[in-house]
Amino acid sequence: MSSVAVLTQESFAEHRSGLKDTEITGGVPEDEAYIPTYLEAFPPLPDKGAPGDRSGEPAGAWSKIRPIKASVITQVFHVPLEERRYKDNSQFGEGEEAKVCLDIMQKTGAHIELSLAKDQGLSIMVTGKLDSVMKARKEIVARLQTQASATVIMPKEHHRFVIGKNGEKLQELELKTATKIAIPRPDDPSANIRITGTKEGIEKARHEILLISAEQDKRAVERLSLEKAFHPFIAGAYNRLVQELSQETGARISIPPPSLLKDEIVITGEKEAVAMAIARIRAIYEEKVRVTESLRFPPSVSAVMLISNAKSVMVVEVTAPAWLHRFIIGKKGQNISRITQQLPKVHIEFTDGEERISLEGPTEEVEQAQSQIQEIIKDLVARMDYTEINIDQRFHRHLIGKNGANINRIKEQYKVSVRIPQDSDRCGLVRIEGDPQGVQLARRELVDMAQRMENERTKDLIIEQRFHRTIIGQKGEKIKEVRDKFPEVIINFPDQSQKSDIVQLRGPKNEVEKCAKFLQKLLVELVESSYSISVPIFKQFHKNIIGKGGANIKKIREETNTKIDLPTENSDSEMIVITGKKCNCEAARERILTIQRDLANLKETEVTIPAKLHNSLIGSKGCLVRSVMEECGGVHIHFPAEGSGVDKVTIRGPAGEVERARRQLLQLAEEKQVNNFSIELNAKPEYHKFLIGRGGANIRRVRDRTGARIIFPSPDEPEQERITIVGREEAVRLAQKELETLIKNLEDVIEDSMVVDPRHHRYFVCRRGQVLRELAEEYGGVAVSFPRTGTHSDCVTLKGARECVTAAKRRIQEIIQDLESQVTVEVVVPQRFHRAVMGPKGCRIQQITREQEVLIKFPEREESAAQEVCPVENGSPSPEAGDAVPRRCDVITVTGRVEKCELARIALLALVPVTVDVEVPYDLHRYIIGQKGTGIRKMMEEYEVNIWIPQPDQQSDVIKITGQEASVERARQALLDRVKELQAEQEDRALRSYKLTLSVDPKYHPKIIGRKGAVISQIRKDHDVNVQFPDKGDEQQDLIVIWGYERNVEEAKAAIEQMVAALQEMVSDDVRLDHRVHARIIGARGKAIRKLMEEFKVSTVRKSTAELRLAKIVDFTGATLSCCFNLLIVFCLKRGNTTHSQFFSIYIHNYRYYILCVCVCLWFQAPDMSSAEDFPTFGSGVAPKQTSAWGPKKF
């Protein structure tokens, strides 16, 4: 296993040796295999891990998972006037160019927009899926732009690398450069590759092709023809010998397997390695040939052996149609197995494509096997038949059906075997074998299916995915109606996860056309109905727009056939959103505005402000226009849609505030106009980086001299050539002049050359020319061409703008100086720390490599060394310290400039983890770990360290922290701080555990608790204590337990004792009342008695006896007497008419100044409550429902 952070080209052969086992045993010849490039075989690690990535998951090219990209892209490119194919003077948008664009849009599905630049050049914007955009761009360039052609001479053996596997590389190159690349056929001796397209595209394609050729120049492929009988001697037992050869030489050796009748051994790799491997293989072959020659038998011995074999062995051929071979063999070889089991010495061989079967073995057994096979053949010929039909290959998958449903049904129904060729065979021949009658029936059905499919038509409709659900309807109701209307048409919607807009229709041509028109009409209606506008309405008028019970808004919705959404009551938004057809939305908007105008004195005015100033007046996220609206009493200011080109801004609100807002807007616009003069320049995107300069130096100089602001387009903007200059007019004019001069100099294309030592060429062209591509991007698209490997030339050609070529030459010279001054430094880091030094996905090494501009290579991993690793305690010397010579697996090599290598070495050593011990009391470990390890995991992630906590059975106080020195120190300090917090919490818990017991009569407990625990909750809250009352089953019902801080507990105890003392001072009186009036005194659901209790602040306890009811009143003396007085008065009034009273006595209690009025009402004859005469009933006699005076029972 290898721990390599940066893999260089020099170690390519060494690392490829790990692939040899599978490659040799596979035995794929070199001319049939696809040879991966260096970067494809060993893709680089990602520059920076994406946030949120899990460390255990591979990323980038290793997992072949592509990042999620936008499904729709936009590309903009420019066709200069001199390269336009159609220069007719007809109305723009109606000539040949428009027709060509419409045709391309129909073919590719991309959306194309044309615009005419000031220089009469053509700007083209293409929008759609990536594949569609690339195809459309290629078509546009071919049909709207004049074409040029160029020839590139490339060695014939390199052509297949330009084509790539299944032509994928060539297609990608053509789409990327928008050119047509013609490569001669293999039988054509010509080595010229012809490129057709625009000048710019031809240059790009030529550059890419030469890069591929330069990369392949350094590789060699040799084919060695040796007798197949000697191949096992070269491979060795279990391919060990050939593996050793590959490891020693670094070349890849491919030996064909025994089943492949080829004697050609293919060796690939570096030229020196290939030559060494060929020499070694030839030496082995010649040695084995010499040994074989010395072991030849005398002629007499050979004759005797041949005669003996001739008498005992017989070879017979049986003629049988090739299509019957598999039936003769039987299912899973049953028929042949039966023969070979009876006659084990007979060898039976079937030859593919030939009508013969070979039998070899003893004479008697061969004859028996021959007769049995002939009987099988005779039987099969009598009852079997076959036929072949030619069906277009595009219908094969429909014949097979989903998961083979159609073809399996035909096989089972007609008892036949149907063989349909693979897509890769490019063959339309379908073969049917089986019973003669079944074959004919199956043939007829397959032909009918093919004919039906030939008459079918498939059409793709572009319908935005947001409308798919609406067309399908809830539970598919709407699409079911469409399918019922067009039953012969199959409508397929794309899966929602595909983010596709293509809806496929398949069926008879006429029906498909009708269905397509119907769906397009439905789509137009949906698009019209999805128009939406927002109407700002003052918040206080929303209720008037809704109307009573929603009457107004409902009427507007019904009459205008629109959907109207109002913001919620608690929302600050004033926008009402109207959705529907445009005309209906406008009508609904006007009606809503009319309601607002009728309710308030509102005014609406329009002010003209240039459209280019709208964004600056609106401000970032609308902050500037919002401040104007708030300052002017909440008026509404409406700007037209961006890109509409309309200059009118609408202001609506109270008349005085509208005028004030208008003046402010005009004042702001005037200020912006002075400082917002702008001019646009066009420059090729490849010039932008050169205009900006390294670190923005060039553009900063222009800004400092002129004071103008220069804005370059961002990568996602459609207009990539447009440069905007903003500022005061004189500053903008000066900056424009300077930029035009720079651009003119860049367009002055020259060709220059420089001398570069051939030993440095490899650095520039390796990694598929990455360095050359970076030079081209940084220096205005300058093309740098290095001589082909093997020419021994040191001349490098540069072509591009004069300034760019000069800067590129200077940069190349700087790179060469860096290469010549490079040194290699060895850094000894124990192998067990390599993974920690690399960091997650190699991010730490990548950062050092990027910052210090060095190359860091890790050694091969030694498993034996890894197993012998022992833990290093703090302060103890490491096992490596005593070694005179460091182990090879511990040495990390750093290559670069001397000062950079030293900085990288220091950085690497700083990454070596250290371990410190921290003393933490054992009883605190579980708090540090946290619930399910969350605490310790959070600390490890935050400080990027590894924290080891001893097992519980060890009872150890030592916690180990491992990581980088700075991180370990921070983690140690954080851990000590956490220990202090936990110890403080322990002390606090000890202080809070003070407990006190208080004895209180149980009859006072409800008063202390209060209604729904209100009183005791307030005590707990005020004193920060916990109070616990005894449970029902406890022996000591009078004990109340209080715990918390000692001081708080004492205060809570005093409060409860004070409450109990107050309760003990209360008195209670009994009032004897007739039980028949209790219900009236209590009232509905106890309402009357509660009112009485609240008014006099007393509590009544309802008691029940056989004859009377007692109401017990508990309170202070004065309130008690007042309550008794009220109860007796109520009793008298409810008992009967006061005129029947015999006497009324008043007793005045002088000592307390309270009057106790006792009204005793006696009457001559009390009414009988059960008498129907005194209390007649109404209606039918329904038994009264017995309910409690306190209301219904609650369970």
If the reach is capped at under 26 angstrom between alpha carbons, list the lysines near Lys900, excluding any in the same chain fewer than eight residues apart.
Lys48, Lys809, Lys841, Lys857
Prolate/oblate/rounded call for region 993-1046, Cα gyration tensor, a/c under 1.5 rounded:
oblate
Any idea what the dipole of region 244-290 comes to, in debye rounded to 20, about its Cα centre with Lys/Arg Cβ at +1 and Asp/Glu Cβ at -1?
120 debye
Any idea which of Ser573, Thr608, Thr562 is furthest toward the positive side of the dipole for region 557-613, if Lys and Arg beta-carbons carry +1 and Asp and Glu beta-carbons -1?
Thr608
Measuring from label point to label point, each 7 Å out along Cα→Cβ, what is the Met1093 to Glu1050 span in nm?
3.7 nm
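Rounded, prolate or oblate: which fits region 447-523, taking a ≥ b ≥ c as square roots of the Cα gyration tensor eigenvalues, rounded meaning a/c under 1.5, else prolate when a/b beats b/c?
prolate
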Please give every one of the aspartates and glutamates within straight-line cross-link reach of Lys107, meaning a C-alpha to C-alpha distance under 17 Å, and leave out same-chain neighbours fewer than 8 residues apart.
Glu96, Glu97, Asp131, Glu139, Asp460, Asp501
Within the under-11-Å Cβ sphere about Gly473, not counting Gly473, Lys/Arg +1 and Asp/Glu -1 give a net charge of +2
Just the ratio, please: alpha-carbon radius of gyration of region 521-580 over 2.2 N^0.38 Å, N its number of residues.
1.25
Rounded to whole Å and sorted largest first, list the principal axis extents of the Cα atoms in region 878-962.
52, 30, 19
Loop sites in region 886-920: trypsin sites (Lys or Arg not before Pro), DSSP, at most 13 other Cβ within 10 Å
none
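Net charge near Gln667, counting Lys/Arg +1 and Asp/Glu -1 over other residues with Cβ under 15 Å of its Cβ? All intermediate terms of the calculation are to be shown ahead of the outcome.
Numbers: positive: Arg660, Arg662, Arg663, Lys672; negative: Glu631, Glu659, Glu670, Glu671.
Summing Lys and Arg as +1 and Asp and Glu as -1 gives 0.
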Can you pull the percent of region 134-241's accessible area that's carbon plus sulfur, 1.4 Å probe, other chains left in place?
53 percent
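Using r as the Cβ-Cβ distance of Lys271 and Phe350, and R0 as 51 Å, what FRET efficiency do you calculate, to the nearest 0.05?
Values: r = 45 Å, r/R0 = 0.88.
Once rounded, the FRET efficiency stands at 0.70.
With +1 on each Lys and Arg Cβ and -1 on each Asp and Glu Cβ, how big is the dipole of region 402-502 about its Cα centre, in debye rounded to the nearest 20?
Details: 20 positive and 17 negative charges, 37 e Å.
For region 402-502, the charge dipole is close to 180 debye.
Using R₀ = 35 Å, calculate the FRET efficiency as 1/(1 + (r/R₀)^6) where r is the Cβ-Cβ separation of Thr797 and Gln673; round to 0.05. Can you show the working numbers first?
Numbers: r = 51 Å, r/R0 = 1.46.
So the FRET efficiency works out to roughly 0.10.
Could you give the length gained on full extension between Glu729 and Arg426, defined as 0.36 nm per residue of separation minus the Cα-Cα distance, in nm? Could you put the intermediate results ahead of the total?
Numbers: separation 303, 0.36 × 303 = 109.08 nm, distance 6.77 nm.
Value of the extension gain: 102.3 nm.
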Report the Cα centroid-to-centroid distance between region 118-140 and region 922-953 in angstrom, as an integer.
59 Å
Here are some pairs, Lys204/Lys799; Lys199/Lys684; Lys932/Lys980; Lys135/Lys180; Lys478/Lys521; Lys517/Lys581; which of them have Cα atoms lying more than 18 Å apart in this structure?
Lys932/Lys980; Lys517/Lys581
Per residue value of the accessible surface for region 469-567 (all protein chains in place, 1.4 Å probe), Å²
64 Å²
Selection from Gly800, Val829, Gly780 lying farthest towards where the dipole of region 762-846 points positive, charges on Cβ
Val829
Which of the aspartates and glutamates could a cross-linker span from Lys1097 if the Cα-Cα distance has to be under 19 Å and same-chain partners fewer than 8 positions apart are dropped?
Glu1065, Asp1069, Asp1070, Asp1115
Tell me the trypsin sites (Lys or Arg not before Pro) within region 443-530 that lie in a loop according to DSSP and have at most 14 other beta-carbon atoms within 10 Å.
Lys499
Filtered GluC sites (Glu not before Pro), region 536-606: DSSP coil and at most 13 other beta carbons within 10 Å:
Glu569
At R0 = 22 Å, how high is the FRET efficiency between His542 and Glu590 if r is their beta carbon distance? Nearest 0.05 is fine.
0.80
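The values are calculated or read from the model by the stated rules, or taken from the named source; none is laboratory data. Predicted model, so just to flag it, every value in this text is computed and none were measured. No Cβ is skipped: glycine too gets one built from the backbone with ideal geometry, and neighbour counts run over all protein chains shown. Areas reflect the complete protein model, heavy atoms only, side chains present, ligands, DNA and RNA absent. Shrake-Rupley method; radii C 1.70, N 1.55, O 1.52, S 1.80 Å.
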